[in-house]
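Undergrad: I have a structure I would like to understand better, so I am pasting it below and will then ask my questions one at a time.
The values are calculated or read from the model by the stated rules, or taken from the named source; none is laboratory data. What you see is a predicted model; the values in this text were computed from it and never measured. Heads up, the Cβs are rebuilt from the backbone with ideal geometry, glycines too, and the neighbour counts pull from every protein chain shown.
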């Protein structure tokens, strides 16, 4: 029995953050993932600490595991997104795509 009734293209996923990842060493405010249609449900720290429903000033560190809700393809893309200009560009593209989705709803 599932408590989560998700459509085919949405899922809850975990991403293990590595040093070269776009997510690493940034706060949730910096990342603006909600603009991509991604919700951060929680963060598991490498020391075992769990932060549920983290706030904007919460920073994501190397070796954290981030629990996210969003479109499956976007979560896969985010998992592969690297630091630097290319990662920032992929974020901007994802924001534009999400704006189109919201406009069509």
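Undergrad: Filter segment 79-91 down to the residues that are in a loop (DSSP other than H, G, I, E, B) and over 13 Å from the mean Cα position of the chain (by Cα), then identify the one that is surrounded by the most Cβ atoms within 10 Å (Cβ to Cβ).
TA: Filtering segment 79-91 for residues that are in a loop (DSSP other than H, G, I, E, B) and over 13 Å from the mean Cα position of the chain (by Cα), the one surrounded by the most Cβ atoms within 10 Å (Cβ to Cβ) comes out as 83.
Undergrad: Failed condition for residue 68, given (1) over 22 Å from residue 20 (Cα atoms); (2) in a strand (DSSP E or B); (3) in contact with a helix residue (DSSP H, G or I) (Cβ under 8 Å, 6 or more places away or on another chain), with all others met?
TA: (1)
Undergrad: If you don't mind, another one. Among the residues in segment 92-99, are any surrounded by 13 or more Cβ atoms within 10 Å (Cβ to Cβ) and within 19 Å of residue 19 (Cα to Cα)?
TA: Scanning segment 92-99 turns up no residue that is surrounded by 13 or more Cβ atoms within 10 Å (Cβ to Cβ) and within 19 Å of residue 19 (Cα to Cα).
Undergrad: Output the residues belonging to segment 40-57 that are surrounded by 14 or more Cβ atoms within 10 Å (Cβ to Cβ) and either at pLDDT below 95 or not in a strand (DSSP E or B) (or both).
TA: The answer is 54, and nothing else.
Undergrad: Within segment 15-33, how many residues are surrounded by 15 or more Cβ atoms within 10 Å (Cβ to Cβ) and either in contact with a helix residue (DSSP H, G or I) (Cβ under 9 Å, 6 or more places away or on another chain) or assigned to a loop (DSSP other than H, G, I, E, B) (or both)? Quick ask: steps written out before the conclusion?
TA: In the first step, residues of segment 15-33 are kept if they are surrounded by 15 or more Cβ atoms within 10 Å (Cβ to Cβ); the result is 15, 17, 21-24, 26, 28, 31, 33.
From the residues that got through so far, the ones that are either in contact with a helix residue (DSSP H, G or I) (Cβ under 9 Å, 6 or more places away or on another chain) or assigned to a loop (DSSP other than H, G, I, E, B) (or both) too are 15, 17, 21-24, 28, 31, 33.
Selection size over segment 15-33: 9.
Undergrad: Any chance segment 2-10 includes a residue that's in contact (Cβ under 8 Å) with a residue 12 or more places away in the chain and surrounded by 12 or more Cβ atoms within 10 Å (Cβ to Cβ)?
TA: yes
Undergrad: Here's something else I'd like to know. Within the group 73, 94, which residue is in contact (Cβ under 8 Å) with a residue 12 or more places away in the chain, touching a helix residue (DSSP H, G or I) at 6+ places or on another chain (Cβ under 6 Å) and assigned to a helix (DSSP H, G or I)?
TA: Numbers: 73 fails: touching a helix residue (DSSP H, G or I) at 6+ places or on another chain (Cβ under 6 Å).
Result of the check over 73, 94: 94.
Undergrad: Counting just the residues of segment 1-39 that are farther than 18 Å from residue 83 by Cβ and at pLDDT 95 or above, which one comes out farthest from the chain's Cα centre (by Cα)?
TA: 35
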